[in-house]
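Chemist: Starting off with a structure, shown below.
The values are calculated or read from the model by the stated rules, or taken from the named source; none is laboratory data. The shown structure was predicted, so the numbers you read here are calculated from the model rather than taken from an experiment. Positions of Cβ are backbone-derived with ideal geometry, glycine not excepted, and every protein chain shown enters the neighbour counts. To get the accessible areas, we keep the full protein, side chains included, count just its heavy atoms, and leave off ligands, DNA and RNA. Shrake-Rupley method; radii C 1.70, N 1.55, O 1.52, S 1.80 Å.
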Amino acid sequence: MNIAKLYENKRTVYSMEVFPPKKTSALETVYNTLYGLRGIDVDYISVTYGAGGSKQQKEKTAEIASLIKKEYGIEPLSHLTCVGADKEELKAVLDNLKASGIQNILALRGDMPQDGSEKMAFSHADELVKFIKEYDPFFNVAGACYPECHPDAENLDKDIENLKKKVDAGVTHLTTQLFFDNEVFYAFREKVEKAGISVPIAAGVMPIVKQSQIERTVAMCGASIPTKFARIISKYASSPEALYQAGMSYTVDQITDLVANDVRGVHLYMMNNVEVAKYITNATQSLFASANKL
Ligand code: FAD
């Protein structure tokens with residue numbers, strides 16, 4: 001199924017993300033995650049792609065996406081980066097995805113290698129989007145966006161100018177980097193609309209349920225921490241059970257507010273954690289049902 005159709009037919013789409021295990025863990029770990037998610041009420045599941053990974057590592061993305069579709073009957077969105085690949089390799093990935101019936105791709109640049117050692121078929125995601133669309137119109141292509149500005153961009157206005165190029169190249173929906181402050185997202189959405197970008201934007205949220213996640217997550221994605229959330233973290237940081245509960249409640253509140261503010265999609269960064277995915281899904285299901293009835 002073309003995910004663009006989902007966004008046409010639903011007011012608010014609910015999705016989540018899984019990632020292939022790191023080199024040191026067995027593929028079974030993500031298979032167990034997917035088994036744990038069976039029957040969950042989600043519109044699609046995206047699968048990340050290791051920009052810096054080996055060929056075998058990267059092949060896991062298509063393998064997992066295929067399992068999600070065939071075994072669990074859920075639509076997959078397969079991530080693909082142009083860092084670490086040349087055009088011939090990208091064509092081979094696309095052929096393999098098509099052979100597995102995977103139609104939806106999240107086209108990304110990937111993080112730039114520090115030492116310049118990686119191959120790079122393209123410098124930016126918009127070129128990858130064009131390449132995929134030209135290579136085979138079978139594919140529906142989505143893209144990423146950054147409410148708090150991509151770290152390489154001069155400023156948010158410039159970043160949105162560049163985002164428009166990606167959308168003009170054929171992207172049918174966008175998913176945001178995770179954020180904790182909904183006001184930041186609403187301001188971004190307004191700016192994006194003013195810039196003439198009208199494709200649906202799914203808001204990326206991630207429950208913080210462990211102390212170790214806090215610094216790592218913020219360092220990785222640069223998300224700002226609103227005062228309300230900072231207070232919660234400092235109050236419960238030394239009590240794992242309380243932090244777990246408070247982190248989940250914060251995300252449920254965030255989603256409640258996003259749906260009330262007519263967000264077109266919520267994308268859950270669930271970190272392959274079945275318990276987290278089930279909790280958040282159960283706690284927010286009626287919100288999505290209500291939004292989609294209107
Ligand atoms: P781009 O859209 O190319 O943007 C990168 C930078 O270049 C920005 O600063 C932008 O302003 C600028 N730019 C864009 N187009 C142009 C242009 N035409 N001319 C000049 N400047 C331009 N990484 C992975 O390795 N694997 C994953 O599976 C993965 N999944 C992700 C999913 C989501 C939802 C998000 C938000 C990020 C994900 N990432 C993933 C991280 C992503 O690869 C990095 O953030 C990367 O640095 C940027 O990728 P992009 O596709 O947004 O790049």
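Chemist: Go through Leu294, Leu287 and list them by solvent-accessible area, largest first, probe radius 1.4 Å. Working shown, then result.
Modeler: On the way: Leu294 175, Leu287 45 Å².
Correct descending sequence by accessible area is Leu294, Leu287.
Chemist: Using a 1.4 Å probe on the protein heavy atoms, what percent of the accessible area of the chain belongs to carbon and sulfur?
Modeler: 50
Chemist: Moving on to the next point. Placing one identical point scatterer on every Cα of the stretch 36-92 and ignoring solvent, what is log10 I(q)/I(0) from the Debye formula at q = 0.12, 0.21 Å⁻¹?
Modeler: The Debye formula, applied to the Cα set alone, gives -0.32, -0.79.
Chemist: Taking the solvent-accessible surface of protein heavy atoms with a 1.4 Å probe, what is the per residue accessible area of the chain in Å²? Don't skip to the answer; put the middle values down first.
Modeler: Values: 13790 Å² over 294 residues.
With all protein chains present, the chain gives 47 Å² per residue.
Chemist: I need the semi-axes of the equivalent ellipsoid of the stretch 188-263: take the C-alpha gyration tensor, multiply each eigenvalue by 5, square-root it, list largest first in whole angstrom.
Modeler: Whole-Å semi-axes of the equivalent ellipsoid: 28, 14, 10.
Chemist: Among Ser239, Val93, Ser224, whose Cα sits farthest toward the positive end of the charge dipole of the stretch 3-291 (+1 at Cβ of Lys/Arg, -1 at Cβ of Asp/Glu, about the Cα centre)?
Modeler: My answer, from the dipole projection, is Ser239.
Chemist: Next question. Looking only at Pro76, Pro21, Pro151, which one moves most when the chain is put into a Gaussian network model with springs between Cα atoms under 10 Å?
Modeler: In the Gaussian network model the winner is Pro151.
Chemist: Also, quick follow-up: Please give, to one decimal in nm, the separation of the simple spin-label points placed at Ser290 and Lys70, each 7 Å out from Cα toward the Cβ.
Modeler: Simple spin-label model gives 4.1 nm for this pair.
Chemist: If the only charges are +1 at each Lys and Arg Cβ and -1 at each Asp and Glu Cβ, what is the size of the charge dipole of the chain around the Cα centre, to the nearest 20 debye?
Modeler: Dipole about the Cα centre, nearest 20: 480 debye.
Chemist: Let me check I've understood the local charge: for Leu6, count other residues with C-beta under 9 angstrom from its C-beta, Lys and Arg +1, Asp and Glu -1. What total comes out?
Modeler: Here the count lands on -1.
Chemist: Considering only protein heavy atoms, what is the solvent-accessible area of His173 at a probe of 1.4 Å, reported in Å² to the nearest 10?
Modeler: Roll a 1.4 Å probe over it and His173 shows about 0 Å².
Chemist: Under a no-solvent Debye model with one identical scatterer per Cα of the stretch 225-294, what's log10 I(q)/I(0) at q = 0.25 Å⁻¹?
Modeler: Scattering profile of the stretch 225-294, log10 relative to I(0): -1.18.
Chemist: At a 1.4 Å probe radius, which order do Glu8, Glu63, Glu75 fall into by accessible area, largest first?
Modeler: On the way: Glu8 125, Glu63 90, Glu75 15 Å².
Result, largest first: Glu8, Glu63, Glu75.
Chemist: What is the set of long-range amide H partners of Ala144 at a cut-off below 5 Å, with H atoms built 1.01 Å from backbone N?
Modeler: Thr175
Chemist: For the stretch 264-273, take each phi angle, set θ = phi - 60°, evaluate the Karplus expression 6.51 cos²θ - 1.76 cosθ + 1.60, and give the result in whole Hz per residue in order, putting x for glycine and proline.
Modeler: 7, x, 10, 10, 8, 7, 9, 6, 6, 9
Chemist: How do Met120, Met270 rank by accessible surface area computed with a 1.4 Å probe, from largest to smallest?
Modeler: The ranking, largest first, comes out as Met120, Met270.
Chemist: Rounded, prolate or oblate: pick one for the chain, where a ≥ b ≥ c are the square roots of the eigenvalues of its C-alpha gyration tensor, a/c under 1.5 means rounded, and failing that, prolate if a/b is larger than b/c, else oblate.
Modeler: Rounded, since a/c falls under 1.5.
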